[in-house]
1. In nm, to one decimal, how far is the residue A:132 label point from the residue A:397 one, both placed 7 Å along Cα→Cβ?
2. Please compute the average number of Cβ atoms from other chains found within 10 Å of each residue's Cβ in peptide B:180-190.
3. Between residue A:207 and residue B:83, what is the label-to-label distance in nm when each label sits 7 Å out along the Cα-to-Cβ direction?
4. Ranked highest first by the average count of other Cβ atoms within 10 Å around their residues, in what order do A:535-545, B:174-184, A:550-560 fall?
5. Over all alpha-carbon pairs of region B:122-202, lay out the pair-distance distribution in 5 Å bins, whole %, shortest bin first.
6. At R0 = 30 Å, how high is the FRET efficiency between residue B:157 and residue A:638 if r is their beta carbon distance? Nearest 0.05 is fine.
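We did not get these values from a lab; they are worked out from the coordinates using the rules stated. It should be emphasised that the depicted structure is a prediction, and the values quoted were computed from it without experimental measurement. Please note: Cβ atoms are built from the backbone with ideal geometry, for glycine as well, and neighbour counts cover all protein chains shown.
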Amino acid sequence: MANDLIHEGPGPGSGPELSDSLLQEAFLAGEDPELTLFLASFDRFERVGGEPVSKDWRDCIAPPEAEGELGRIDGHVLLELIAEGGMAVVFRAEEQALERTVALKMLAPDLAQHPVARHRFLREAKAAAGLDHENALPVYRVGEVPLPHFTMRHVSGGTLQDRLDRDETLSTAEWFSLARQAGGALGAAHAVGLIHRDIKPANLLYEERGGRLWLADFGIAASVHDPGGNVDFVRGTPRYMSPEQARGETMDGRSDLFTLGAVLYRCVTGRDLVAGEKSGDVFASLLSTDFAALVSEVGTIPPPQRRILARLLASDPDDRFPDAAGLLSALETEEGANREIKSPSLRRRGVAITILSLVSVALLAAAPLIFRALRSAPGAAAAAPAPSLPEIRIEGLGGVYRDFASAFAAAPDGATLLLDGVFVARETCFGPEGVALTLRSAPGAHAVVVASVPDQHALFLRGRTELSDITFVRESGTGNVVPIVGIFGGDAFVRNCRFETVKPDGFLLGPSLSFTNLENAVIDRCVFRTRGRDAVGFGFNEGSPAMKVTVKDSIFLSDVAMARRIWGGQAGLSVHWEHSVVVADTLFLEHERNRSDLFSPLGFEMRRCAFDLAEGTLRFGNGHDPLVAGTLVEWQGDRNRHAGPSLRIDWTSSAESASRATVREISLGSPLAPPFRGAEVDPMIAPYVKRGLVPVSLDDLIDAIRRDPGFSDLVKETGQ
Amino acid sequence: MPDDRYLTRETLLLRLRDPGNQPAWDEFVSIYAPVLFSHCRKRGLSFEDASDLTQEVVHSVARAMPGFVYDPSRGSFRGWLYTLLRRGISRHFEKGSRDPLRQSDGEALIEEGRCEDPARETWELDYRRRLLAWAMGRAKERFNERIWRAFEETTLRERPVDEVAAELGMTRNALTVAKCRVISAIREISERHESDWEKDAIRQTCKNS
């Protein structure tokens with residue numbers, strides 16, 4: 001297809017046909033916002049070729065007039081060189097007119113010649129001057145002659161780095177105070193569109209008396225409206241860089257939150273987040289480590305701080321606090337919690353019961369959804385009333401356990417755990433590493449596992465895992481993005497389970513299930529109702545095997561049905577769907593990559609499925625090159641049906657629709673007419689109303705789908 | 001005998017020899033800078049690095065222009081430009097930046113002409129698209145808003161012809177005619193730009209003959 005577009009032949013008038021699609025593509029390519037930004041900032045050639053200039057700042061300023069001076073500039077007397085970086089020099093100076101001591105920062109002379117660097121330095125100074133926050137170092141004046149410079153408050157006393165050099169770690173109270181102040185300053189900066197980009201202990205000025213923190217040196221800061229911060233972007237200190245910054249991707253305020261997290265990690269553990277002496281090693285670690293997981297494994301960090309750090313250090317910016325305000329509010333909560341935990345009277349068992357009754361109330365509030373689930377649970381003929389406390393028995397062994405932790409501790413390899421009742425997870429229950437386990441509802445019972453912990457899994461299983469006849473619910477509502485159940489490293493078989501992520505007000509959020517580093521996963525007769533993220537996620541780390549996932553007789557109601565996250569390696573994923581229903585915005589999302597390896601293969605085999613995809617079929621996040629990716633996606637479809645638009649592949653990173661040509665033809669099969677009508681609308685289903693699916697409840701939806709004439713032949717075939 | 005027809009019109013390439021010829025440089029930059037930039041981005045360079053390299057290449061062209069002798073036997077101007085870019089990218093990765101697509105491995109072979117450059121096709125595609133986008137921008141200046149919208153709404157935004165015709169108060173026929181005029185203009189502008197390079201080549205060859 002591309003060949004007829006290449007025209008190198010001589011002479012006018014023999015050009016190729018201007019097809020509509022070609023014109024559209026040209027038009028769309030021109031609309032690319034990144035391109036627009038580039039053009040706006042592109043240095044016109046005429047500005048280049050000035051007089052060669054001295055690189056030494058001493059040659060550019062007015063000479064000293066008295067003993068002890070280093071020179072003069074713009075009404076300031078330079079007294080002492082405080083810091084010299086690649087981009088700028090900082091002095092302690094005296095402002096003559098006001099007779100006050102200031103810090104004066106000057107742009108390096110060779111960069112001052114570069115119109116773009118100059119322009120940005122001054123713009124950054126002006127933006128910082130506009131910041132008025134008690135923890136943002138005030139900028140006083142900005143000048144351009146003879147070199148771009150600006151003055152700031154001079155803070156005596158050292159930096160946080162000095163403090164850490166002396167004392168290794170901070171006390172908890174100091175830690176929270178620092179986090180709060182830094183968060184406040186960042187919030188103010190982000191509010192005016194300024195990203196700091198270089199938060200590190202050396203840039204946090206710390207007046208020990210009084211504990212006042214100043215966030216300074218927006219030295220390589222950038223306005224969000226102008227993606228490039230300076231000429232040589234890799235001047236950020238690798239150790240305190242966010243993954244997206246290391247990848248050279250567009251950053252926003254959340255990148256600052258990550259680096260603040262790295263600083264706070266250092267303050268509480270005494271160790272750097274990323275080890276390694278060489279930039280290369282540091283980069284590699286930055287790009288391939290799951291810091292949130294790392295943080296949860298460090299035992300010496302008290303839980304409240306651990307929770308904050310896990311959120312700050314998430315590799316995916318979407319998983320972090322959305323903004324500084326989020327951080328501040330979490331700090332407030334956790335600092336309060338921190339105080340409470342110290343209270344000795346709270347006994348563990350008592351707490352468990354209290355929490356259970358609180359949750360029961362919450363569950364009751366969400367009654368229509370949850371209790372309907374309990375009643376019409378897959379496979380349960382008549383649900384026995386749930387016991388007041390949940391029970392786990394291990395098949396073949398005696399004893400009754402009340403929680404997963406104790407049951408896991410007792411379970412031998414290959415054990416089957418029979419569950420009964422409602423299990424509320426207030427923190428992650430880790431399955432024993434390498435131990436094969438089956439979890440299933442006891443006969444006649446229907447177990448419910450409720451994830452009531454904000455940013456963690458309810459269950460994290462680390463061996464071959466079978467889950468059957470269980471309903472998993474995420475109940476807490478703080479914007480979770482972690483699945484309810486994670487299975488890591490061992491094959492997974494999930495049968496006849498239901499996954500619901502729901503807030504008491506009926507709004508759904510969060511993924512359900514994730515498979516990481518495993519070879520074989522089967523999802524059979526399951527129902528997923530999730531919103532806000534993918535229903536099922538697939539994760540790959542360096543060294544993980546190729547993954548094969550089979551989905552049968554299942555129903556997905558979500559924004560994104562499946563997603564892949566690759567943190568390392570190039571293992572491929574093949575997905576086989578059989579006789580299942582997907583009502584979603586997108587079938588598959590390839591997340592932004594943490595490491596820019598070659599695209600990993602992706603294969604789909606979809607048979608006898610019904611799709612209703614509002615936004616598109618496949619979506620590729622930032623960092624993926626359509627040209628490369630397109631060649632490695634395979635699709636095989638057979639007897640599928642679809643109700644929505646037939647195919648769309650979206651690339652977040654660019655509007656290049658030419659990529660379609662390189663992905664083999666994807667057909668979602670013949671159209672499926674939406675026949676559903678209903679008087680009332682379940683709020684969860686409401687987003688799908690516009691596409692003609694109007695069932696009253698999930699069960700009615702399932703029934704309606706099964707009754708659909710277009711679907712009935714599929715149903716008949718399986719004899720259901 | 002050189003064809004006088006060609007001599008009366010200075011080609012872009014000739015005009016680029018004069019660094020003071022702003023319109024010529026504007027045209028060059030408008031068309032080629034985005035193509036250079038996009039290509040860098042596709043090859044995995046960050047926004048900043050891509051901007052810098054694009055600038056470098058444009059400056060190289062500026063420095064090369066005054067004494068530039070275009071030899072058509074060595075390929076098109078566009079090809080030469082691409083070679084500059086490709087080498088720039090290769091240098092960039094040699095300096096130790098991450099090479100997301102592991103492309104530097106093949107660079108030596110490409111340089112020696114021993115294997116095809118897969119990215120070349122992308123370059124050509126990008127160029128063609130950019131040229132059209134640029135030509136569309138120029139074409140727009142030639143028409144009144146109504147005629148332009150007839151084209152934009154139907155061809156670019158794919159709205160139904162009848163709907164647009166009604167909205168603009170045109171008959172279906174008139175709309176089709178308007179579309180045709182616009183597309184012809186776009187074609188003419190883009191072809192004229194393209195032929196500039198070739199004419200210069202012919203001019204050069206004629207000079208030497």
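1. 6.6
2. Working: counts 0, 0, 1, 4, 1, 0, 3, 5, 3, 0, 4.
Per residue, the number of nearby Cβ atoms from other chains is 2 on average.
3. Result: 6.4 nm between the two label points.
4. Working: A:535-545: 20.7, B:174-184: 17.4, A:550-560: 22.3.
Most protected by this proxy first, the peptides run A:550-560, A:535-545, B:174-184.
5. Cα pair-distance distribution for region B:122-202, in percent: 3, 15, 22, 19, 16, 11, 7, 4, 2, 1.
6. Details: r = 35 Å, r/R0 = 1.18.
Efficiency, from the Cβ-Cβ distance: 0.25.
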